[in-house]
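Trainee: Structure in structure tokens, see below.
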Amino acid sequence: MSYFYLDKSSVRSIVRVAIYRKTYYYGARMNLADFGRFSDPALLILSSLADGPKHGYGMMCDIETMTGVRLGAGTLYGALARLEGAELIKAIPSNDRRRPYQLTAKGIAALREQLALLQKLASTGLKRLAEQ
């Protein structure tokens, strides 16, 4: 595997080109869905479950309402399996065929930590943009 490093001016140029292309081809409105894999499905699922237990389709609808990101079934259920394996969520009993999930204490702690990091990143980024 090879690695390469970019200086600040190279990164800025790449970002400008990406923003230009996105604005030119699709209009100025950008959202989380535009960032592909950076819209981490696990974080979206944990954020959805912070509101209370939900089954898969309920999470898909909630995530789409929150962020505009529509997770596919394969992405959703793959992430649910990984989160359940990591004991961040757990399935709860249900009387019908739907399988609801809820956050565990470990999941709540992980979500708080990730959201705090994202909040710090967002505030730093916004502060730096204001300086330009």
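Trainee: Go through the range 78-110 and count every residue that is within 19 Å of the chain's Cα centre (by Cα) and basic (K, R).
Mentor: Counting residues in the range 78-110 that are within 19 Å of the chain's Cα centre (by Cα) and basic (K, R) gives 2.
Trainee: Go through (1) part of a helix (DSSP H, G or I); (2) in contact (Cβ under 8 Å) with a residue 12 or more places away in the chain and name the single condition A81 misses.
Mentor: Unmet condition: (2).
Trainee: When T67 is evaluated against the numbered criteria (1) surrounded by 13 or more Cβ atoms within 10 Å (Cβ to Cβ); (2) more than 23 Å from Q119 (Cα to Cα); (3) polar (S, T, N, Q), which criterion, by number, is the only one it fails?
Mentor: Condition (2) is where T67 drops out.
Trainee: In the set G72, G107, G85, G125, which member is of a type outside the set (S, T, N, Q) and surrounded by 11 or more Cβ atoms within 10 Å (Cβ to Cβ)?
Mentor: The conditions single out G107.
Trainee: With S47, S123 as the choices, which residue is under 13 Å from the mean Cα position of the chain (by Cα), modelled with pLDDT of 90 or more and in a helix (DSSP H, G or I)?
Mentor: S47
Trainee: Assigned to a helix (DSSP H, G or I) and at pLDDT 90 or above, is that true of G52? Please lay out each step first, then the result.
Mentor: Working: assigned to a helix (DSSP H, G or I): no; at pLDDT 90 or above: yes.
It is false that G52 is assigned to a helix (DSSP H, G or I) and at pLDDT 90 or above.
Trainee: Given the criterion assigned to a helix (DSSP H, G or I) and modelled with pLDDT of 95 or more, identify the matching residue among T75, T65. Reasoning before the result, please.
Mentor: Numbers: T75 fails: modelled with pLDDT of 95 or more.
Criteria check complete, one pass: T65.
The values are calculated or read from the model by the stated rules, or taken from the named source; none is laboratory data. Everything numeric here is computed off the predicted structure, so don't read it as measured data. Every residue, glycine as well, gets a Cβ built from its backbone with ideal geometry; the counts of neighbours run over all protein chains shown.
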